[in-house]
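Shown next, in C-alpha cells, is the structure this report addresses.
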C-alpha cells in the first residue's frame, strides 16, 4: 500500500495555476462483476468491499444474483471481501461471507469474479423435554470454516418467533468444506421464566457440537437436545432506601448593567435576578450525593453570547458539592466582569460576506504547565455567532462587530467555525473549523498576549484572518458521471516547531451523476492533509482515494497539476511468491517532460521510448536476481526536471523443497483379520505456506495447510485409518506443494493378505418369527441379517426361500441360509406365515345420477353395481324404489355377499331436480316521440309459460304505463316458476325528440350607414327573435352579425337549436341608408330664380350615422319641367359644362356637384331629382327666367 500512496502523491502534486483550472481527483474506472449462485437459496443482497493501491470501493446490490463494482483501475492488487444475504424455504435470513480474493483491475477492464457453489445445508433440529408448559422463543446460529484452506464460510442466521411445539428445525447454507465449526443459541421459557441454551464446539456436554464435514448438496442434521427445568422465582428484592438533601447558594456577577442581564443558571435552576439565589433538592440512596455545579449567565440580545463561569477560585474542585440526608449545603458564586468589544474580519479568497454562517468561541486560560505537571485553571468560554435579520436571512457585513461580557482575567484561545455555500452550477458547501493558539501561554510555549479583561473598562480586541483556497476536480477517465464528492481532513501551522493553529476542513456536494464535479477547501495559511477523499461512480460504487497533502497561503487559490512522472510497474506482481532465481521488472512511465532514467535497486533499467507518444512515454525492463526469502525491489523514475515517481514491490523467493513421510512404510503387510489399519502422514516446509494433500487408493481424503515461515520449517500431519480394507495392495500418497510451486510426492504401498477362516456366520431374524397375512395383500418379508467375523456384514449373500401365496389361505414356512467366503454355512433360520381371509367384497356402485324431473315420480335407469372378492361373490342387490324417484335426493344401497359370508356395501345417490326455467315472451324495441320534458307514457305486454308451473309470475322494471324519460331505457322482465327457476329478458324503449323549435324573427328595420352593431335599435333587432319547443324550455338562438359599412339590404340569419340538436333557420332584413340625403346646398333654391342660359351648380352633401361625410356614394341627376304640379313632356337629358359623365354627380371637397348647363332649356319651373345608390331620392324645384 505504501508504494501506491507515494505514486498518488506525485500524481496530485500541488502547484499554482491560473484560476480557470481546477485540481483533478481522477477516477480511471475498472470494474469487478459477476454473480452469486447458491442452489436452494435466493440471494437478497450482495455486498463487496475492495481495498488496494490506497483506494477503497464498496457497493451493495439488492434482490439480484448479479453485481458490478466500480474501482480505480491501475497496476495493483485489490483485496476483495464479499458477503451475500440469502433466504430459503426452511431458512431465516442468512449471511454467507467468502474468503478475500486478490484481483488486479486495469483501467477500462471488467474482471469476472463469480461466487458459484453447490452449497450444503446444516439443519439445526431442536428437541425439548422437561417442563410440559415449555415454549421456545427465537434462535440464531453460525457455521465457520475451522481451517484456512479453500473458501471460508461464515453463515449467521437470526430469527425471532414463538413455537408451541417441542420439536422444530431451521436450515442455514454452508459452502462445502471440512472441519466446520457450528454454533447455535435457543431461548426456552415457561410461565415462571426462561433460560438461554448455547451450543458450540467449545461447550461442555451435552451442548458440545462436533466439527462437521459438509459435502455439496448434502443436508447435515445437527440435533439440539434440551432438557428444560423452569426456574423458580425468588422473593422480590426489598425496596431501596432513599434520602433527600438540599443544595443552596447565591450567584452575583458584579459590573453587569441591569439592562443587559437576562438570567443566571446553577444546578439546573434558573435565577431571574442578579444577584440572585438558587435551591435544589436531590434524592439519593446511601449516605451522601456529590456532583459539580457550573454556573451560566445569559444576557439580552445586544450581547452576542452566553457566559460559562470560570472554576471557582481557579480550580474545578471548588465547584464540587456534597449533600447529606435532611441537610442543606451552601455553595456561592461571585465574580466581576467587563465588556469586550471588537471586530471579526475575514479576508483573502473567502470574506465575511461569502459565508452562510460563522461562530466564534473564546476560551479562558484552562491549563498551565507548572513544575512538570499541568495545573488546570479556568474553563470559561463565550460565543459570538452570525445573526439573522428580521426576515430570517443571515446578516453578512464586510466586518462583523461583536460585543461580549466576560469575567475578568485572561482569555487565551479563540476558535471559529465557518461554512461557505455554493449554488451554481450545483449545490455544494465547504466547512472550516480552526483554533488560534497565538494568544496562549501554557507555561512552556508563549505565542502572544492573551485577551485581558480588566474590571470597569471597555476592553477591545479585533480578530483578522486571511484565507486561501484549493479547488479539486473529480474526473472519471472516459467521461463517466460521478456523484456526491466528499473530502475532509486537518491542517496545522507551526511557529518555532510548535502548533499555533489547528484546523479541520471538509467539503461535499449531493450532486448526482454529472461530469467532473469539483469541491473547494478554504482556510488560514497552514499545511493540510485530506484524509478522506471519496466519490460515487455511475453504477453506485463508492471509491475512496488515498490522502492528499497540500498547503494554503493568504489570498491564494491553489489548484493541481501533474508535473511529475507517472510510474506503472507491470511485473512482478505485488507480494509475488516464486521459486525462480531471478525476476524481470517491467513497466512503463510517462511525464510532462522527458524521462531521464529508471532504476531498480540502484541498477539502471533498459528504457525504450514509445514512438509517437504525446506524454514522453517509455517502457522499461530489468532483471533482478533473487535470494531465498524476502526481496524488496525499489523502482524510481526521474524526469529531466528531477521530479520522481517511485514504486516498491516485494518478491518472496522460495527455494526450499517440502519434506514428506508416511507411516507405515511401503511394503508393510497386514492380515485380513485386521479390520482397522491406522496410518499417518508427516510433512514440513520452510517458506510461505504449503498444502498437504493425502490420497488413499487414488481418492483425495484430506487437504491440510501449513503456515508461512521463512526461517524455520513448519510441520503438519494427518492421521487416518483403513476400515475393513479389501485383500490386496493399498496405496497411500502424500503430495506437499508450496505457494511457489515446489512440490514433493511420497507413496507407501501396504498389502492386506487372506488368513484361514473356520468360524461360520450368524443369521439374525428381523421381526417376529410368526406372522399373519390378509388374503390378497402383498406380503413384505422383514428379512434377516448375517454377520461374519472375517467378512463382516454379509446380509446381501443370504438365500431366502419364500413360497407364500396370499391368494390361497393357509400356513407357509420361509427359510434363510448363508455361507461366508470360506464356505462356512450358518444354521438355517425359519419364519411361519399364515394367510387368512377376513375382507368383505369390494362393491363399486353405478355413478351418482342427477335427472330432470318428468313428474311427481321419475323413472330412472340407475345401472348395476359390480363387486370383487378373492374368495368369490355370491350376490349383488339394491334397495331402489320400484315405482320411481321423487324430487330430491334418494340414497340407493348396494349389498354384495362373498363365499365366506363377508358383506360389502356401497351407496349411490339419485337426485331429481327441476331446473328448467319458464319461457318468456317480450315485445320488440319501441321508439316514441317525446311530448314534454318528462318524456312519454308507454304501454306494453309481456307473457310467460312453463312446463311445470301453470302461471309463472312476471315482473317488469319499469312496469307498463310508466312515464319513460328521454333517451333509451332498458325494460327488464323476469318470470319465476314454483321452483324458483327464472327466465329473464329485456327490450328497450327509446323516447326521442326530433321536432324542430318554432322560430319567430323581428320585422325589418332601416339604419344609417356605419351604424354600430351595438346600437340599441340594432341590438333590439338582433335580440328580437323568439322560439318555443315541446321539450326544451330554453331554446338557444344564434344569429349572424350584420356588417353595416355599406348601403343596401343586409340579411341576418337567425338559427334556433334545442337540446337535441333540432334546428330552425329564418332571415330578417336591415336596410342601410345614407344620412343627410335631400339637403341640396346653395345656390339652388326656390327663393332665387336663375337666368336662362347660365350654368347652375347643383350641390348635395351626404353623411353616415356618425355624421361623417360620405364620398363613396353614386348620385345621378334627373330634370323634369313642370307646369303647376304637372310634368311637361318627357324628362330632359341634362348636360354639364364640366367634365362630368352623363348625369352623374362628381365629388369635390366632400360634396356631390353637378354644373347644370341651361342654354338649351326654356324659361319655366323645373324639378331637379337626385337618385342615390342606396335607393333614396331627393328633389328640389328650380325657376329659370330670361
_Please go through segment 1063-1106 and give me each residue that is at pLDDT 85 or above, more than 23 Å from residue 1015 (Cα to Cα) and not in a loop (DSSP other than H, G, I, E, B), ordered by number._
1063, 1064, 1065, 1090, 1091, 1095, 1096, 1097, 1098, 1099, 1100
_Options 568, 521, 544; residue that is outside any loop (DSSP other than H, G, I, E, B) and either within 30 Å of residue 464 (Cα to Cα) or more than 40 Å from the chain's Cα centre (by Cα) (or both)_ = 521
*Members of segment 946-969 that are at pLDDT below 90 and surrounded by fewer than 17 Cβ atoms within 10 Å (Cβ to Cβ)*: 947, 948, 950, 951
*Taking the stated definitions as given, is residue 830 surrounded by fewer than 18 Cβ atoms within 10 Å (Cβ to Cβ), on the phi < 0 side of the Ramachandran plot, in a strand (DSSP E or B) and without any contact (Cβ under 8 Å) to a residue 40 or more places away in the chain?*
no
*asked:* Among the listed residues 602, 666, 581, identify the single one that is over 30 Å from residue 787 (Cα atoms) and free of Cβ contacts under 8 Å to residues at least 40 places away in the same chain.
replied: 602
*From the list 893, 864, 889, which residue is surrounded by fewer than 17 Cβ atoms within 10 Å (Cβ to Cβ), more than 30 Å from residue 838 (Cα to Cα) and either at pLDDT 90 or above or in contact with a helix residue (DSSP H, G or I) (Cβ under 7 Å, 6 or more places away or on another chain) (or both)?*
889
*Checking residue 237 against (1) outside any strand (DSSP E or B); (2) at pLDDT 85 or above; (3) surrounded by fewer than 13 Cβ atoms within 10 Å (Cβ to Cβ), which single condition isn't satisfied?*
(2)
*Select from segment 1107-1125 the residues that are part of a loop (DSSP other than H, G, I, E, B) and either touching a helix residue (DSSP H, G or I) at 6+ places or on another chain (Cβ under 8 Å) or surrounded by 11 or more Cβ atoms within 10 Å (Cβ to Cβ) (or both) and list them in ascending order.*
1108, 1110, 1111, 1112, 1113, 1114
*Is there a residue being in a loop (DSSP other than H, G, I, E, B), under 30 Å from residue 676 (Cβ atoms), touching a strand residue (DSSP E or B) at 6+ places or on another chain (Cβ under 6 Å) and not assigned by TED's automatic domain parsing to the domain that holds residue 898 anywhere in segment 803-811?*
no
*Which condition number in (1) surrounded by fewer than 20 Cβ atoms within 10 Å (Cβ to Cβ); (2) over 55 Å from the mean Cα position of the chain (by Cα) is the one that residue 660 fails?*
(1)
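Listed here are the residues, each with its yes/no results for (1) farther than 30 Å from residue 569 by Cα; (2) surrounded by 14 or more Cβ atoms within 10 Å (Cβ to Cβ).
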| site | (1), (2) |
| --- | --- |
| 618 | no, yes |
| 628 | no, yes |
| 634 | no, no |
| 638 | no, yes |
| 648 | no, yes |
| 653 | no, yes |
| 678 | yes, no |
| 696 | yes, yes |
*Does any residue in segment 1118-1136 that is in contact (Cβ under 8 Å) with a residue 12 or more places away in the chain and in the same structural domain as residue 1098 (by TED's automatic domain parsing) come within less than 7 Å, Cβ to Cβ, of a residue that is surrounded by 13 or more Cβ atoms within 10 Å (Cβ to Cβ) and assigned to a loop (DSSP other than H, G, I, E, B) six or more places away or on a different chain, and which pairs are these?*
1118/1143; 1119/1134; 1134/1143
_If I filter segment 1164-1176 for residues that are at pLDDT below 85 and over 30 Å from residue 1007 (Cα atoms), do I get at least one hit?_
no
_Residue list for segment 805-823, filter: surrounded by 13 or more Cβ atoms within 10 Å (Cβ to Cβ) and at pLDDT below 90_ = 806, 809, 820, 821, 822
*Quick one: residue 1161 ticks every box in (1) over 13 Å from residue 1099 (Cα atoms); (2) surrounded by 12 or more Cβ atoms within 10 Å (Cβ to Cβ); (3) at pLDDT below 85 except a single one, so which number is it?*
(3)
*Of all residues in segment 423-447, which are modelled with pLDDT under 85, at negative phi and not in a strand (DSSP E or B)?*
423, 424, 425, 426, 437, 438, 439, 440, 442, 444, 445, 447
*asked:* Need the failing condition index for residue 1102 against (1) in contact (Cβ under 8 Å) with a residue 40 or more places away in the chain; (2) buried (at least 17 other Cβ atoms within 10 Å of the Cβ); (3) touching a strand residue (DSSP E or B) at 6+ places or on another chain (Cβ under 6 Å); (4) within 28 Å of residue 1047 (Cα to Cα), just the number.
replied: (3)
_Subset of segment 341-361 (residues that are at pLDDT below 80 and either outside the structural domain of residue 458 (by TED's automatic domain parsing) or surrounded by 17 or more Cβ atoms within 10 Å (Cβ to Cβ) (or both))_ = 358, 360, 361
*Right, residue 674: surrounded by 13 or more Cβ atoms within 10 Å (Cβ to Cβ) and part of a loop (DSSP other than H, G, I, E, B) or not?*
yes
*strands (runs of 3 or more DSSP E) lying entirely in segment 750-789 (those with 3 or more residues that are within 30 Å of residue 697 (Cβ to Cβ))*: 784-788
_Residues of segment 275-317 that turn out to be farther than 22 Å from residue 255 by Cα, touching a helix residue (DSSP H, G or I) at 6+ places or on another chain (Cβ under 7 Å) and either surrounded by 14 or more Cβ atoms within 10 Å (Cβ to Cβ) or not assigned by TED's automatic domain parsing to the domain that holds residue 358 (or both), as a count_ = 1
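The values are calculated or read from the model by the stated rules, or taken from the named source; none is laboratory data. Note that the coordinates shown come from a computational prediction; the quantities given were computed from them, not determined experimentally. Cβ atoms come from the backbone with ideal geometry, glycine included; neighbour counts cover every protein chain shown.
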